[in-house]
Amino acid sequence: MFSTLVLILCLTFPVFLLFFFQYRTTFKSPPFPPGPRGLPIVGNLLQLDSSSLHIQLWQLSKKYGPLFSLQLGLRQAIVVSSPKVAQEVMKDHDLECCERPKLLAQQKLSYNGLDMLFSPYNRYWREIRKICVMHIFSSKRVSCLSSIRHSEVKQMIQNISSHASTSEVTNLNQVLVSLSSTVICRIALGRRYEEEGTEMFHRLFKECEALMGTLFVSDYIPFMGWVDKLRGLHARLERNFKDMDKFYQEVIDEHTDSDNKTAEEDLVDVLLQLKKDNSLSMDLTNDSIKAVLMNILVGATDTTAVTSVWVMTSLLKHPRVMKKVQEEIRSLSGKKPFLEEDDVQKFPYLQAVIKETLRLHLPAPLLVPRESSKKYMIDGYEIPAKTIIYVNAWAIHRDPEAWEDAEEFKPERFLNSTIDHRGQDFCFIPFGAGRKICPGMHMAFAALDVILANLLYSFDWALPDGMKSEDIDTEVLPGLTMHKKNPLCVLAKCQM
Ligand code: HEM
């Protein structure tokens, strides 16, 4: 009897095992991408270093692969670090991945997502983006604003010439940040903010950006929100929101007051006119206008300034490239006193230098984080809804499978190459890709082209006494945009 039982068991056990494993593989949920082990409750939050997060995440990708996960408090996140996975996220699954995580400071400062950057992906976003793309970021509008760029770049060249005539060192960080913010203020608000005004403007926007990049514990561990209160973050946020709101309201009041009308139409005029026309399929409220203004001012000022500083830094570190780009500009320019936007189209090597700089020193190394709206599969992994998605463009731009000598500054790689920044080549995505791609690309290039062409045309550049090109550092400041930490101080020598 016993031996019959053993025999039956021996015969049925393998069949049972087979069913068991088949059941597991059929019904077990697919895995979540691997990632570093975290602590209870806080997960990996305490292991991450916000000052060089993109580099830390790049190093983790070498251990865990091009798609790995993080536990940020109670929130799950994935990090994408290869062109192939970036394409899956931003093209094949763009629709499921184009929400933004709802973070406290970003929501507050964008009037609860009435802007483009932090709005949920919905009908409102589609409408506001369509309005802005048609009326604010169109190539027609960008070229209408060229006279502002020209007059401010001429002013900058004059200021640097006066430094050059007395052999005074020029702090290019300071000059280029001030130029970019003056250009965007004139374009968007129709006025410059001089002296005390400039200081107030910079203070407000610096604080606004700092708050948008600050980690609020309540975003990741909601029941510990009291920690943010103890750190005084709520009070800081409330104060900055009120100051910014007052600033925008004054701008709107100035524009609606007919005694203040100026001849040049600025972007606030355009938005107020659209509101008045009532021809839109949605209500454009004052809050929407304020939120869009925040996007334009925050989106444009730092990115343009930072990119110009990194181009000049890269050229001073690579004298061969500096010589070649200056020869191109000077040989094709004749004897013009100033290069206008139409002239700049003739400089393919300058375009290659700007692209190569955006490859190695892109202003937003982790782009702008996204969030999944529903469950989907990538590379055999299941990504649940509400997962935060970081695309590490900094790592992708250094992927050795996509780029030869990836760490080297070689603008030649972009000559006779079809790779460009418009979101079709996933190995080069400084402006993002898919539905959420930066709508300000055209405006950014219009400014970068004219600033850099004239800086390189008008002056020869040298380092202060005793400094060699290899001494120029590429350290960055912590924050949303990758600013050069130590100012680039150089000597300009007039060309003509
Ligand atoms: C070198 C210059 C610039 C760079 C590298 C840059 C980069 C980016 C990136 C990476 C994104 C996120 C894309 C994504 O989520 O896939 C973005 C979004 C955005 N950028 Fe730019 N940007 C630049 C200049 C500008 C300028 C000049 C403006 C405005 C005048 C601007 C306005 C915006 C806006 C409004 C968004 C939000 C789009 C949305 O979520 O619908 N940017 N930018």
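Peptides 299-311, 73-85, 89-101, 216-228 ranked from most to least packed, by the mean per-residue count of other Cβ atoms within 10 Å: 299-311, 73-85, 89-101, 216-228. The Stokes-Einstein estimate for region 185-257, based on a Kirkwood radius over Cα pairs and taken at 25 °C with 0.890 mPa s viscosity, is a diffusion coefficient of 174 µm²/s.
Mind jotting down a quarter of the surface of the convex hull over the alpha carbons of region 179-219, in square nanometres, one decimal? Intermediate values should be presented prior to the final figure.
Details: hull surface 14.2 nm².
So the mean shadow area of the Cα hull is 3.6 nm².
Listed by chain and number, the aspartates and glutamates placed with their C-alpha closer than 13 angstrom to that of K374 are D94, E96, E99, E382; residues fewer than eight positions away on the same chain are left out. Here K242 is the anchor, and the lysines within straight C-alpha reach of less than 19 Å, apart from those fewer than 8 places off in the same chain, are K108, K206, K229, K290.
Computed on region 276-386, the Cα convex hull volume stands at 224 Å³ per residue.
Working note: Karplus 6.51/-1.76/1.60 with θ = phi - 60° gives region 282-290 the couplings 9, 7, 8, 7, 4, 5, 5, 4, 4 Hz, where Gly and Pro are set to x.
Think of it as helices only: each DSSP H run of n ≥ 4 in the chain is worth -39500 (n - 2.57), and spread over all residues that comes to -16500 deg cm²/dmol at 222 nm. Here K468 is the anchor, and the lysines within straight C-alpha reach of less than 24 Å, apart from those fewer than 8 places off in the same chain, are K317, K323, K324, K410, K484, K485, K493. The calculated FRET efficiency for the pair Q345 and F32, based on their C-beta separation and a Förster distance of 51 Å, comes to about 0.60.
Beyond 45 Å, what share of the Cα-Cα pairs of the chain remains, rounded to the nearest whole percent? Counting pairs separated by more than 45 Å, the tail of P(r) holds 18 percent.
R126 sits among other residues whose Cβ lies under 14 Å from its own Cβ, and their net charge, with Lys and Arg +1 and Asp and Glu -1, is +1.
Subtracting the Cα-Cα distance of S151 and M224 from their residue separation scaled by 0.36 nm leaves 21.1 nm.
Send over the semi-axes of region 133-278's equivalent ellipsoid, whole angstrom and largest first, taken as the square roots of 5 times the C-alpha gyration tensor eigenvalues.
Values: eigenvalues 212, 126, 41 Å².
Three semi-axes, in Å: 33, 25, 14.
Distance check, please: which entries in K84/K375; K154/K275; K355/K386 exceed 25 angstrom between their Cα atoms? As for pairs spanning more than 25 Å Cα to Cα, those are K154/K275; K355/K386.
I want to verify the translational diffusion coefficient of region 328-484 in µm²/s; compute it with Stokes-Einstein, Rh as the Kirkwood radius over Cα pairs, at 37 °C and 0.692 mPa s.
Values: Rh = 18.1 Å.
D, rounded to a whole number, is 181 µm²/s.
In plain terms, the residue of M322, M282 with the fewest other Cβ atoms within 10 Å comes first and the most crowded comes last, giving M282, M322. Label zone of A462 (point 7 Å out along Cα→Cβ, amide N under 19 Å): in region 476-496 this covers 488-496.
Between the beta carbons of R231 and S165, assuming R0 = 35 Å, the FRET efficiency works out to 0.10 to the nearest 0.05. With the simple spin-label model, which puts each label point 7 Å out from Cα in the Cβ direction, the T474 to D405 separation comes to 1.3 nm. Given R0 = 22 Å, the distance between the Cβ atoms of R203 and D245 translates into a calculated FRET efficiency of 0.90.
None of the figures in this text is laboratory data; all of them are computed from the coordinates on show. Being a predicted model, the structure only gives us computed values, none of them experimental. Every residue, glycine among them, receives a Cβ derived from its backbone with ideal geometry; neighbour counts consider all protein chains shown.
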